[in-house]
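See structure below.
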Amino acid sequence: MSISLPDYYFRVRENGAFVFRVNTENRQRPLELDQIAAVNIKNGEVKPQGGYQLTKADHAAIAEWMADRRAALEARELDDILRSVDHLNLTAHWAQTRATPEALEQVTDALLLAMHDLRSVLVRKKADRLKQD
């Protein structure tokens, strides 16, 4: 049984990834991961590592990974926001049905300030979009 491995491995880090070439040439030895670059997803910077010269194939694989990673992060961010809507609804239900006066005292000011800030941003952004139409 043969295992097909990718040519590259991306070790994700907070602001990008370390890029490794998967070395399977010598089957007598354990699998080797050779670090070839560091990628910053926020600014698109790709830095070769250890004097390695990136090939066109390396650049293409890194560009494809960056596009896929950005899409995944954007989808996660939107999902997190939609979860926040669910949490706000659950919080409203909690405040109406189960919250003690002490618990409400503890969270009311922080929630009101956060909701006021969010509302202000959303209203301003909505007005900007309506002006553009």
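General remarks:
- Some residue of the stretch 43-58 being more than 24 Å from the chain's Cα centre (by Cα), modelled with pLDDT of 95 or more and acidic (Asp, Glu): no
- Test result for residue 61, of a type in the set (Gly, Ala, Ser) and touching a residue at least 40 places away in the same chain (Cβ under 8 Å): yes
- Qualifying position, being out of contact with any Leu (no Cβ under 9 Å at 6 or more places or on another chain), closer than 30 Å to residue 8 by Cα, modelled with pLDDT of 95 or more and basic (Lys, Arg), among 76, 98, 83, 29: 76
- Residues in the stretch 61-71 that are surrounded by 11 or more Cβ atoms within 10 Å (Cβ to Cβ) and among the small types (Gly, Ala, Ser): 61, 63.
- Applying the criterion of at least 1 residues that are of a type in the set (Phe, Trp, Tyr) to the strands (runs of 3 or more DSSP E) found wholly in the stretch 1-104 leaves 8-13, 16-23.
- Close contacts from the stretch 3-23, counting a first residue that is over 22 Å from residue 53 (Cα atoms) and a second that is basic (Lys, Arg) and loosely packed, with under 13 Cβ neighbours inside 10 Å, with Cβ to Cβ under 7 Å and a gap of 6+ residues or different chains, come to 15/42.
The values are calculated or read from the model by the stated rules, or taken from the named source; none is laboratory data. In this text, all values refer to a predicted model and were calculated from it rather than measured experimentally. We place every Cβ from the backbone using ideal geometry, glycine too, and count neighbours over all the protein chains shown.
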